[in-house]
1. Given that compact globular proteins tend to follow 2.2 N^0.38 Å, what is the ratio of the alpha-carbon Rg of the stretch 55-169 to that value?
2. Give me the accessible area per residue for the stretch 41-137, probe 1.4 Å, as a whole number in Å².
3. Ignoring ligands, DNA and RNA, please state the percent of accessible area on the stretch 25-169 from carbon and sulfur, probe 1.4 Å.
4. Can you compute the radius of gyration and Dmax for the stretch 31-82, using only the Cα atoms, both in Å?
5. In this model, which of K30/K125; K134/K157; K30/K102; K130/K157; K80/K102 are farther than 28 Å apart at the alpha-carbon?
Amino acid sequence: MDPSQNNTGTMTTAAASSNGGSNEGDMEAKRSLGRVTDSIKNTLGLLHLLHLTVSSYNVSSQLILLQRLNALVTELDNMKMLAGKCDIQVPMEVVNLIDDGKNPDEFTKDVLNSCIARNQITKGKTDAFKSMRKHLLEELEQAFPDEVEAYRELNSKNPKLPKKIILHK
């Protein structure tokens, strides 16, 4: 028996066991993806063996060739079954990049750079609002010192109070 066929059998039985729960669901998805990856590696190994058999073919190696072809078909069938258990969504941009012969890591890099840029914009807005709040409190303190003192007392006693306290009595 070919060693890759043995691995196929163990992967199939491991794929049959599944536990419930969201954490378990995530772990099962990772295991399923790992099984598909292992199946791809097995298929590549079988293709290599098949290439070696075909490149040095003679009549006496016909049985070996048929066995390796059958092992390849079995592994491809197993891969199809395992892939059906994986729910992976690939963005169309990544598929288009691959079709254009580009590295899909570029997409990831662009997405991360976009997130960093948006994060910096949001941080700038947050800092601007903090600065405006500080400036408003300073201006209010000059115009209404008693109300600002009452506001600061309320804020110090209960820090969980929303910052939208109306200063009118």
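1. Output field value: 2.47.
2. Accessible area per residue, the stretch 41-137: 78 Å².
3. Percent of accessible area from carbon and sulfur atoms in the stretch 25-169: 61.
4. Rg and Dmax of the stretch 31-82, Cα atoms, are 12.5, 42 Å.
5. Over 28 Å apart, Cα to Cα: K30/K125.
The values are calculated or read from the model by the stated rules, or taken from the named source; none is laboratory data. All of these numbers come straight from a predicted model, not from anything done at the bench. All accessible areas refer to the heavy atoms of the entire protein, side chains included, with ligands and DNA or RNA removed. Shrake-Rupley method; radii C 1.70, N 1.55, O 1.52, S 1.80 Å.
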